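All of the numbers you see were taken from the coordinates with simple rules; none came from a lab. Fair warning: this is a prediction, and the values are worked out from it, not measured in the lab. With ideal geometry, Cβ positions are generated from the backbone for all residues, glycine too; neighbour counts draw on all protein chains shown.
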Amino acid sequence: MQALLIIWSTPIVTRINNAAVATEVIGIVGLTVVLLGAALLTSSHRHFGNLGSTGVVPSAGWFGWLGPFMLATLLGAYTIVGFESASNLAEETHEPRKVVPSAMVRSVVLSGIIGMGFLIALASVIGDVAATSAEAAPVAFIMKDVLGGFFEKVFLLFICVSIFACGMVIMVTNSRLIWSMARDRRLPGHQLLRQVPRPTGGPAWATALAAVLSAIIVLVLRDNTDALFTLFTASTLLPALLYACTVLLYVFTAHKERVERESGYFHLGRWEWPVIIGALVWLAYELVILLGPAAFRDAQKYALGAILLGIVVFVVMWLLEPAAMRQEAGAHGEQALEVADELSDARPGPEAPA
């Protein structure tokens, strides 16, 4: 259904995404207020001591609070992934150099504030930390325990809507990445993958490829009970590696080519190097956590397999399309629209989910 919507209409995908974002923000804020109200007004659900607890993590060998703290920071690594989807869709956005950076910053800040409030509210009403930690769906368990079965179902409804919309945006991102690489002749079958049949729709074959590959992964791992945890971790480790490479490449090439500092466009100014240093420290810390524990070995194998597959595709395309592989990738602004028009006889839709 997600693939069909993406192929058929970019404006419809935009509306679904905007509606889902509004629903999620309203739902999570509402639940946060209700849970905090339950903690403040009812003594049976008042457990603010949980906010300083290390939970069920054993302190031996973990330097007391440091182990739980490091595990907790993984939540940021798991959730702050995908905010660059706005930049991946920049070619379909009006004035992307103004819109995309602010969209990325807003998404991270808003997610951080709302998510932190929700986590504080959840922790404040947990009656039995051990029993909650043992649950397969601890958040739903907390909802049912504090608010009853009806509110649990309402919460799960919000979750379903959010997952559908997030999955659709991820597929949009994947399809646009496939399309842009095919446009630059950097993927096998680029003649087919770069086609955009309808002016207001998405790239049909690129979207179909993203959907089929996703379905194959699900079918192969359908009986693996640890698959979701492994895929989550692998899809967190890979972006961390990509982010680290991106920042390092910027560091080593920044002195050679500077983006023109035009007024009205986003730039970090004097904060550029503090942000770069902070990003490198955080990424090094994140990679240490994701590469160290033995529990993440399966996820590391998935990530390594994906990297090796990428190397194989790179080598194949270097042999098949040496001229294209030596050219600077990508087109910008009106040039991108002109290239898409020439290749597909149709322009991509004017809007995209941000």
Revision key, fill the gap. So the angle from the long Cα axis of helix 149-183 to the longest Cα principal axis of the chain, reported in degrees to the nearest 10, equals 20
Check your understanding: Roughly what would the spin-label model give for T79 and A294, points 7 Å off Cα along C-beta, in nm?
Key -> 3.1
Practice item. For an R0 of 51 angstrom, estimate the FRET efficiency from the Cβ-Cβ distance between H94 and A130 and round to the nearest 0.05. Key: 0.45
Review point. Once you charge only the Cβ atoms, +1 for Lys and Arg and -1 for Asp and Glu, what is the size of the charge dipole of the chain about its Cα centre, to the nearest 20 debye?
Key: 180
Review point. What does the highest-first list of 35-42, 118-125 look like by mean Cβ count within 10 Å?
Key: 118-125, 35-42
Check your understanding: If you compute mean projected area of the Cα convex hull in nm² for the structure shown, which of (i) 24.7; (ii) 20.4; (iii) 16.2 do you land on?
Key -> (ii)
Practice item. Please arrange H45, H267, H190, H94 by counting, for each residue, the other beta carbons lying within 10 Å of its beta carbon, fewest first. Key: H94, H267, H45, H190
Review point. Which whole-number percent is the relative contact order of the chain (Cα, under 8 Å, 6+ apart)?
Key: 29
Point to revise | Segment I159-L221, extension gain: residue separation times 0.36 nm, minus the distance between their alpha carbons | key: 20.1 nm
